[in-house]
Amino acid sequence: MEQPDQSAVMPKQITNYAIFGLIVLGLTWGLFFSLSRIAGETGIEPLVILSFALLAEIPIFGVICLVRGRYPRLFRPTSLIFYLVAGILGYMIPAVLELYSAPLIGAGLLTIVVSISPIITMIFAFLMKTDVLSRRKVMGIILASIAMMPILLGENLSIPVPEMAMIGLIVACLVPLCYGIYHNVISKFWPSGEDGWQLASGEAVVGFCTIMPITFLIYGFDPMPIIETGLWWVMIGYVVLSAISIYLYFYLIDKGGPIFVSLAGFISLIAGVGFGMVFFGETHPWWMLVVLSLMIFSIWLATSSDQDSPNHS
């Protein structure tokens, strides 16, 4: 596959539909962190949870493919490799890491850590020449990242397992790294002739075929713990949100590029903090409102950058 020069990468015009989709994706990601904590606290292995979630998603994508009459190109080598890399780097590894770390450090702190993915994405976008960097886009991401510092340094976050917090934090830090690389890999190697639904379906199918045999070989096929612990109702939400977020992700990276879609990480911070308060009673000081307001302004600054003339690095 050719490596396009950044000078050939054209800035994308962000539509209102894309902005709305970005907000929905950020809300979905924020809710994922709370669901991950609930699921992780049941004691069921993360791989088992992920495997059954993928199993439940396959019929959803199958029906969508049938209705649309377009299917993932599973037998085209370049597409198959793309699905495999996308499924492992952008879905399986982060999901397992989130399911492992959320019960240790809490949904709020996990959300904060993962929401630094835009700045990591921007760094890889520069290195891989996958997106156009403009002053407002860079300023927006840097400003939002700075706005998060008081949260990381000064907030009294609820840590469920303090003695394991350092391990949980290290594991959580791998999630934004995966996402930062993933966003740019998707943008750079998007298979020609395929749309977002095809890629989302292909990623789900290959992810299922990859992780399911490994999980069943290690843990066997036993859905009873999911039923007995009441996790099944969380899984329903997890599966639906996952299917929505997978499609939205590919739609947004096509319409706005890797840096744009990564901004959902900042939105997920705002959403995740709120969900953490609602579901787990996580507390936050008054200045959190100021920080979140600054982050909203930063997101606006970054998403409006494509109206300006780009600054090619």
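The values are calculated or read from the model by the stated rules, or taken from the named source; none is laboratory data. All values reported here derive from a predicted model rather than from experimental measurement. Positions of Cβ are backbone-derived with ideal geometry, glycine not excepted, and every protein chain shown enters the neighbour counts.
When every residue of the range 128-149 is checked against the conditions, at least one turns out to be among the hydroxyl-bearing types (Ser, Thr, Tyr) and in a helix (DSSP H, G or I). Would you mind stating whether Val239 is touching an Asp or Glu at 6+ places or on another chain (Cβ under 9 Å), modelled with pLDDT under 80 and either assigned to a helix (DSSP H, G or I) or surrounded by fewer than 17 Cβ atoms within 10 Å (Cβ to Cβ) (or both)? When the stated conditions are applied, Val239 does not pass them. If the condition is being closer than 14 Å to Ser262 by Cα and surrounded by fewer than 24 Cβ atoms within 10 Å (Cβ to Cβ), then the range 86-111 contributes only Gly90. Flag not set for Glu57, criterion: more than 23 Å from Asp195 (Cβ to Cβ) and either modelled with pLDDT of 80 or more or acidic (Asp, Glu) (or both). Phe221 fulfils the conditions (1) surrounded by 17 or more Cβ atoms within 10 Å (Cβ to Cβ); (2) outside any helix (DSSP H, G or I) except for a single criterion, (1).
Within the range 290-313, if we keep just the residues that are in a helix (DSSP H, G or I) and at pLDDT below 75, the residue that is nearest to Gly257 (Cα to Cα) turns out to be Asp306. Would you confirm whether any residue within the range 189-205 is without any contact (Cβ under 8 Å) to a residue 24 or more places away in the chain and of a type in the set (Ser, Thr, Tyr)? Within the range 189-205, one or more residues are without any contact (Cβ under 8 Å) to a residue 24 or more places away in the chain and of a type in the set (Ser, Thr, Tyr). Beta carbons closer than 6 Å, at least 6 apart along the sequence or on distinct chains, pair a first residue in the range 121-136 that is closer than 21 Å to Pro176 by Cβ with a second that is crowded, with 22+ Cβ neighbours inside 10 Å and β-branched (Val, Ile, Thr) for Thr121/Ile259; Met122/Ile141; Met122/Ile259; Ala125/Ile259; Asp131/Ile259. Selection of the range 67-85 for residues being assigned to a helix (DSSP H, G or I), in contact (Cβ under 8 Å) with a residue 24 or more places away in the chain, surrounded by fewer than 24 Cβ atoms within 10 Å (Cβ to Cβ) and not charged (D, E, K, R) yields Thr78, Ser79, Leu80, Leu84, Val85. Looking across the range 103-125 at every residue that is more than 13 Å from Gly30 (Cβ to Cβ) and not in a helix (DSSP H, G or I), the one that is modelled with the lowest pLDDT is identified as Gly106. The numbered conditions (1) closer than 24 Å to Ile38 by Cβ; (2) modelled with pLDDT of 80 or more are all true for Arg136 except (1).
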